[in-house]
């Protein structure tokens, strides 16, 4: 992305192994993330930046210290590089790994090839060569599914729980899928887009709330005997959505927030008197990858439906435009 | 408190049973809370307000629906009224009870007698008539101990954990006691007052950090291999202390915050990239009261040392002044 709104597909030098822990992968598919729209819209800085942080592909080359993947392996990776060995990784917070590095920007996987540092800690190989039909699902695991799943786990979605999901983008929809899979009793999707409402219901939403802000909070309270939801997933990242999520959570409930915050200022006193648990941030997708890959492999979950437009990598610019204009929820780019 | 700084002990009408779930208690002891200093200093509004929310005493009279306490019982109560029966109470968040009501302001226990609504859900009787020597400890359970304990539980203090405590007031010191009791391996008290450092060490602090703000965060990182503490207790409530606590918590770690927030604005992006668990607010002291009373009864913990000045109720004004000028950490008022 040269400047906001200006996406070009250009030739770059092939990546090379720089560290013994690196791997070079040949991408099979990649995609455009809702968070890529922030720089596209000029809300985050961008200057000739290599875009993309979601990826599946085949290992082409590995550094001398890599032991868990070999050339030819099909792999799924997280959008944050992690060693998976440090104390933080072992506690399940790989996105805060002491070696953490964002794939976005520096590496960029909207490309034919990419160098993945800490390959052993970042990549997870699939049980075999995947059928083409599950490639979109595996790609979703790389970020949106992993992030929605983390949000649902952070919100402690589970049996007997009412879960409210703020945000009907790909991550919000994956939050619905995760809440359903984790056994939630009732899942309230907050959405005003008919197609996304339909997809939310497909993934397990039992109720739809169209109201936003304070009216949205009031509606959630009305649906939960005045108490608020046990678990709330925030998957937008604006001031309104964040405070809507705080307000929708019952006292002692859990808020999992994964929408990348933009200009959000949380009034301390409001959070204080809410009396809720919160956990959020960039999702430690790596923690969940082995489990998610297996669920996809066994056709237990179908996150791939979140892609509603597929284009060849060469047409990336059209993909950004479609998402920016909300003509597409999420665009898959074939390589 | 007539106006900020103007505390008077005056005759008021005796409280009466208004609801069948009420009890009237005769106070044995009460105290002044750090949070009482906010209105005293004019930072919170005050206008001829009945002060006090910490209390131990003897039940004098009960409403017709009260079943768990009878006149003559010695009781300890929480600073928030709770029914202990609703869904929120049963989940352990009594300070967010659907019938929640703050004792501060409306009721006011810096008095000879007080009407306690929802007596069954709010009061806990001691195993018998307490020895006078443990009265201060039982009184501490009513708020500062219960609040510090909740903060330590919220921060998931426990075996193998390093706990940092921001704030060396009574609640912070009780957080140290709780962290120690919960089995924390290392407890870092952030304090620059020699007497409070000494008390922190008495209660179990293994390290003292005098630095504050960013320098304080840097020191905590230095002491924890660059990672930050597993568990952080925030017991002040200012912008600096809150962000110091966020910064001192490692990725995936737990922050328990109980300092009543004043003009705190939490930058969403900073909390987001911190990647931490948080839980805070007015402590559900009622959840912990039975356990805390027993620990005090069995002389297993000695939270009473947090009171370093005892005055008769008539000299309440002097008690406020002593705390305001930091001549006392916490003042006990005998009734």
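Some notes on this structure:
- Between the range B:6-78 and the range A:61-99, the C-alpha centres lie 58 angstrom from each other.
- DSSP bridge pairs, the protein assembly as shown: antiparallel proportion in percent, nearest 5: 55
- Per-copy distances of the residue A:210 label point, shortest first, in nm (7 angstrom along Cα→Cβ): 6.4
- DSSP-defined antiparallel bridges as percent of all bridges, chain A, nearest 5: 50
- Take A:140-146, A:85-91 and order them by the average number of nearby Cβ atoms within 10 Å per residue, most first; the result is A:140-146, A:85-91.
- Under a Gaussian network description of chain B, with springs only between Cα atoms under 10 Å, the residue in B:244, B:294, B:94 that fluctuates furthest is B:294.
- Chain B: most fluctuating residue of B:160, B:247, B:172 per GNM, C-alpha cutoff 10 Å: B:160
- Among B:12, B:250, B:212, residue whose mean-square fluctuation peaks in a GNM of chain B (springs only between Cα atoms under 10 Å): B:12
- Calculated over chain B: convex hull of Cα atoms, volume per residue (Å³): 123
- Simple spin-label estimate for residue A:215 and residue A:16 in nanometres, 7 Å along Cα-Cβ: 6.0
- Considering only alpha-carbon pairs that sit under 8 angstrom and 6 or more positions apart, the relative contact order computed for the range A:14-122 is 37 percent.
- Mean per-residue shielding of peptide A:274-283 is 6, counting Cβ atoms of other chains within 10 Å of each Cβ.
- Each copy carries a label point for residue B:12 at 7 Å from Cα toward Cβ; from one copy, the others' points are 6.9 nm away, ordered from shortest.
- Note that the protein assembly as shown, at 20 °C in a medium of 1.002 mPa s, gets a Stokes-Einstein diffusion coefficient of 81 µm²/s from its Kirkwood radius over C-alpha pairs.
- In the range A:63-154, the inverse of the mean reciprocal separation of distinct Cα atoms equals 14.1 Å; this is its Kirkwood hydrodynamic radius.
- Stokes-Einstein D for the range A:147-280, Kirkwood Rh over Cα pairs, 25 °C, 0.890 mPa s (µm²/s): 178
- Share, in percent, of DSSP beta bridges within the range B:148-280 that are antiparallel, nearest 5: 5
- Packing order of peptides B:231-242, A:60-71, highest average first: B:231-242, A:60-71 (average count of other Cβ atoms within 10 Å over each peptide's residues).
- Between residue A:67 and residue A:192, residue separation times 0.36 nm minus the direct Cα-Cα distance comes to 40.2 nm.
- Relative contact order computed over chain A (Cα-Cα under 8 Å; 6+ residues apart), in percent: 19
- Relative contact order [Cα under 8 Å, 6+ residues apart], the range A:147-280, whole percent: 26
- 7 Å along Cα→Cβ, label-point gaps from residue A:68 to other copies, nm, shortest first: 4.9
- The protein assembly as shown: calculated mean residue ellipticity at 222 nm from DSSP helix runs of at least 4, using -39500 (n - 2.57): -8500 deg cm²/dmol
- Alpha carbon centroid spacing (whole Å) that separates the range A:148-197 from the range B:215-261: 31
- For A:91-99, mean number of other protein chain Cβ atoms within 10 Å: 4
- Globularity index of the range A:130-185 is 1.16 (Cα radius of gyration / 2.2 N^0.38 Å, N = number of residues).
- Here the range A:1-145 yields Rg over Rh of 0.96, to two decimals, using C-alpha coordinates and the Kirkwood radius.
- Per-residue shielding of B:260-270, expressed as the average number of other chain Cβ atoms within 10 Å of the residue Cβ, stands at 6.
- Cα-projected label distance for residue B:44 with residue A:294, points at 7 Å along beta-carbon direction, nm: 5.1
No value in this document is a laboratory result; all are computed from the given coordinates. Quantities reported herein were computed from a predicted structural model and do not represent experimental measurements. Cβ atoms come from the backbone with ideal geometry, glycine included; neighbour counts cover every protein chain shown.
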